[in-house]
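Here the structure is laid out as structure tokens; the discussion comes afterwards.
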Protein chains: 2
Amino acid sequence: MRLSKAFQPTLKEVPAEAQIASHRLMLRAGLVKQTSSGIYAWLPAGLKVLRNIQRIVEEEQDAIGAQEVLMPTLQSAELWKRSGRYDAYGPEMLRIQDRQGRDLLYGPTNEEMITDLFGSSVKSYKELPKMLYQIQWKFRDEVRPRFGVMRGREFLMKDGYSFDLSYEDAVLSYHRIMLSYLRIFQRLGVRAVPMVADTGPIGGELSHEFLVLAPTGESAVFFDSALEGQDWLGRQVDLEDKESLAEFFSSVTEHYAATDEKHDASEWAQVPDERKREGRGIEVGHIFYFGTKYTESMGIEVSGADGSKFAPHMGSYGIGVSRLVGAIIEASHDDDGIIWPDSVAPYWAAILNLRPGDDACDKICDQIYGTDPERFMYDDRSERAGVKFNDADLMGHPWQIIVGPRGAKEGKVELKRRATGERYEVSVEEALAKIGETI
Amino acid sequence: MRLSKAFQPTLKEVPAEAQIASHRLMLRAGLVKQTSSGIYAWLPAGLKVLRNIQRIVEEEQDAIGAQEVLMPTLQSAELWKRSGRYDAYGPEMLRIQDRQGRDLLYGPTNEEMITDLFGSSVKSYKELPKMLYQIQWKFRDEVRPRFGVMRGREFLMKDGYSFDLSYEDAVLSYHRIMLSYLRIFQRLGVRAVPMVADTGPIGGELSHEFLVLAPTGESAVFFDSALEGQDWLGRQVDLEDKESLAEFFSSVTEHYAATDEKHDASEWAQVPDERKREGRGIEVGHIFYFGTKYTESMGIEVSGADGSKFAPHMGSYGIGVSRLVGAIIEASHDDDGIIWPDSVAPYWAAILNLRPGDDACDKICDQIYGTDPERFMYDDRSERAGVKFNDADLMGHPWQIIVGPRGAKEGKVELKRRATGERYEVSVEEALAKIGETI
């Protein structure tokens, strides 16, 4: 994309209501624009980030055998009356009447609908296990929307649901999801630590929140540094093997990690001092086993091997996709702007033409841009070099390819790595090769 | 995907309310499920079709310089009060109050929001032209939803908008869109004919509907056969050249094409008899130039070259993405089921293992499936051959790879082309090569 043509309206002045870095930077860099309180339009560069996150989530969910569906945003109130949650849910649920006077609602989550969908088509234990997920817009009528897309009202969420024959099988689904989530966050380029969370009346230990570490996080977190820097992508786990899954799962959960809500001083004391890590975190995922709560309340049964009916065991698994855009920025920025992880960046690199109109500069820029116009943001504007440097830093492209008249004459460009500030004077071919190595 | 594990609940009994082929076939093949009146959940295979259509639309819109954004589903009523449409838009608009008592609505279209978004960031003629589009769920509270996803209430639509300096420039945008749309429909594997449509109070000739030809279409259509079988993808048009665009555009519009609403008997009489085509069509797209209607009513101005302010000229361009799934089936099915065009099919081929458990059969099936599990639907169920044949025909995969014990022993499979019924006895390699040629 040529920046002269891009719809990416950068702002010089920071809106007063933007209190945290990600909110300020998303507005300044032209990624989103608020259209109503807590409701945002995604501009082209912001949408590319959202799609990159979505693609990684899909690939890793598919890899554990989950199947993607897409449920509508609006749901019938009847469904929620069956589960008993319609009255219980409170004013965060947006309730709607259609022209026929029927009660609808804008889905804040989808346990009821997926349970109904499952129950209307799956009749036999032979069809289990099933894991279904979607990435769809949801609405929660927050009384005080804030922090930009981090606590908006209309938000994009991955919600997944598993259906199993028994508690033992549901545990396997839970283990697979744990692996999938750790892989997702690693690929997104953020450190997200799984922490024990409340299970409510169900009890047990099958509830974890995933928190991205960032100083502006809403929760204080305490964890064992053994959980840092693990390579989940390299971990060999046999998804069909109970032992292999259990071994992997305990290698994660044996290490202490908790938010302040669940912090246990005596367990914490057993973590060696040099491995104690404290900080703050932003919740970006939550996984949860809840047994037969919905299948029973909604009367969903499946035939077992002996012909008797049983209510499948369920879990639900969320990832805040739009929230992650903010969380990634909170975890990865500096005073100059965003520092996109390679995997989610809207463009691989900015091409900064320091003298548009200079033959050598134009030629080199066109040559690089022509290799893949979708992957480069070509700053071809007739602006001062300083403006271009600042905008590239603000937008956070992983690489900057700086093309000035002196170097261009000799076929050289300056390559800058946004995250580290490292600079290299290289040929066009070397620049493209170096960028290729990281993407 | 293995059919034994797929969440694709096929139905044997056709629901009584499904009156047209596409509705019946989408339910029978397990592509969608109705969750409320006129509101559908998309099951995995249906979602794959929707995504394939979406990807083609995006690629062709990007190719003419349009930029993708994503606006929220819910809009503030204030926006629509500014344009004057809030009261004018009848009961098809779903009106909502949030917990603070503010009026929202579920967007049925987005002229107001995009105009506001454009106006809040584009200030100079230098930033024109701009073409923005999105693919987002919309809601129209149809009094009588019917025909499945063809006339649902919550539906997925591509809506695009152009902003130009002048009428002359807006015409160029309109020509580019015409090209983009013809390319999109050709890639989708359907014949969609552009027909002159009403422009309302604006007048002029810059309004076209695109109709997919199908016997169940809601409109009678009359057109010159010169519009059939054109290769728009092979057409060389210089998008930056006014003459080239105009020449292309008149090569389309010089041929008669109209729905019954706009049918003109005297013009029709001038079409040579052997080129007269009559039939029925389903509207899947509508493009429309409407001048400064929204920019003026909403007070959006941009600075011109001489410093004076002007209201940009706009057009809006829709494609019914979810509706297209139904329209494609209406245009491409037979008594046995769906016949997916290669480009939108959820899977390239079904692999029909006629004897699961037979070593030779299993080995060949695994070999083919292993080349790309995402692209093949492997029917590994322990069902009779007849059931497998029927389900594969119903689901409409472009190819069927039939693996029986006799052929398998000699390393042969039977390859069947769904659209034509042609069959080939070939080796595995030949089968994969033949499928590869068409996809």
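The values are calculated or read from the model by the stated rules, or taken from the named source; none is laboratory data. Values in this document were obtained by computation on a predicted structure and should not be read as measured data. Methodologically, a virtual Cβ is constructed for each residue, glycine included, from the backbone with ideal geometry; neighbour enumeration extends over all protein chains shown.
At a glance:
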{"item": "Options B:S322, B:S303; residue that is buried (at least 20 other Cβ atoms within 10 Å of the Cβ) and closer than 30 Å to B:I114 by Cα", "result": "B:S322"}
{"item": "Among (1) under 32 Å from the mean Cα position of the chain (by Cα); (2) hydrophobic (A, V, I, L, M, F, W, C); (3) over 23 Å from A:T10 (Cβ atoms) - the single one A:W399 does not satisfy", "result": "(3)"}
{"item": "Only listed residue being buried (at least 17 other Cβ atoms within 10 Å of the Cβ) and either under 21 Å from A:T216 (Cα atoms) or among the hydroxyl-bearing types (S, T, Y) (or both), chosen from A:A66, A:A41, A:A45, A:A21", "result": "A:A21"}
{"item": "The stretch B:413-439 residues that are free of Cβ contacts under 8 Å to residues at least 60 places away in the same chain and under 14 Å from B:P341 (Cα atoms), paired with ones that are among the basic types (K, R) and in a helix (DSSP H, G or I) (beta carbon under 9 Å, 6 or more apart)", "result": "B:R417/B:K434"}
{"item": "Test: residue in the stretch B:154-162 that is more than 10 Å from chain A (Cβ to nearest Cβ), buried (at least 24 other Cβ atoms within 10 Å of the Cβ) and of a type in the set (F, W, Y)", "result": "yes"}
{"item": "Strands (runs of 3 or more DSSP E) wholly inside the stretch B:244-349 containing at least 1 residues that are modelled with pLDDT of 95 or more and more than 30 Å from B:G148 (Cα to Cα)", "result": "B:276-291, B:313-320"}
{"item": "Residue selected from the stretch B:123-149 under the condition among the hydrophobic types (A, V, I, L, M, F, W, C) and at pLDDT 95 or above, by the criterion farthest from the chain's Cα centre (by Cα)", "result": "B:L128"}
{"item": "Exclusive hit being modelled with pLDDT of 95 or more and in contact with a Ser or Thr (Cβ under 8 Å, 6 or more places away or on another chain), set A:G107, A:G101, A:G84", "result": "A:G107"}
{"item": "Count of residues meeting criterion [more than 22 Å from A:E168 (Cα to Cα) and either touching a residue at least 24 places away in the same chain (Cβ under 8 Å) or buried (at least 16 other Cβ atoms within 10 Å of the Cβ) (or both)] in the stretch A:233-273", "result": "13"}
{"item": "Which numbered condition A:A327 misses (of (1) outside the structural domain of A:I184 (by TED's automatic domain parsing); (2) touching a residue at least 40 places away in the same chain (Cβ under 8 Å))", "result": "(1)"}
{"item": "Count of the stretch B:7-62 residues which are of a type in the set (D, E), outside any loop (DSSP other than H, G, I, E, B) and more than 12 Å from chain A (Cβ to nearest Cβ)", "result": "1"}
{"item": "All positions within the stretch A:121-141 that are facing chain B (nearest Cβ under 9 Å), touching a helix residue (DSSP H, G or I) at 6+ places or on another chain (Cβ under 7 Å) and charged (D, E, K, R)", "result": "A:K130, A:D141"}
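Let's see how each residue does on (1) buried (at least 19 other Cβ atoms within 10 Å of the Cβ); (2) facing another protein chain (nearest Cβ under 8 Å); (3) closer than 22 Å to A:G318 by Cα:
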position: A:P72; (1), (2), (3): yes, yes, yes
position: A:A88; (1), (2), (3): no, no, yes
position: A:P91; (1), (2), (3): no, yes, yes
position: A:E111; (1), (2), (3): yes, no, yes
position: A:G119; (1), (2), (3): yes, no, yes
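Table: residues versus (1) surrounded by 21 or more Cβ atoms within 10 Å (Cβ to Cβ); (2) in contact with an Asp or Glu (Cβ under 9 Å, 6 or more places away or on another chain); (3) assigned by TED's automatic domain parsing to the domain that holds B:E60; (4) among the hydrophobic types (A, V, I, L, M, F, W, C).
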{"site": "B:C361", "(1), (2), (3), (4)": "yes, no, no, yes"}
{"site": "B:Y369", "(1), (2), (3), (4)": "no, yes, no, no"}
{"site": "B:F376", "(1), (2), (3), (4)": "yes, no, no, yes"}
{"site": "B:D391", "(1), (2), (3), (4)": "yes, yes, no, no"}
{"site": "B:L394", "(1), (2), (3), (4)": "no, yes, no, yes"}
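Condition check ((1) within 21 Å of A:R2 (Cβ to Cβ); (2) out of contact with any Asp or Glu (no Cβ under 6 Å at 6 or more places or on another chain); (3) in a helix (DSSP H, G or I)) across all residues:
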position	(1), (2), (3)
B:R95	no, yes, no
B:G101	no, yes, no
B:P108	no, yes, no
B:M113	no, yes, yes
B:D116	no, yes, yes
B:V122	yes, yes, no
B:L132	yes, yes, no
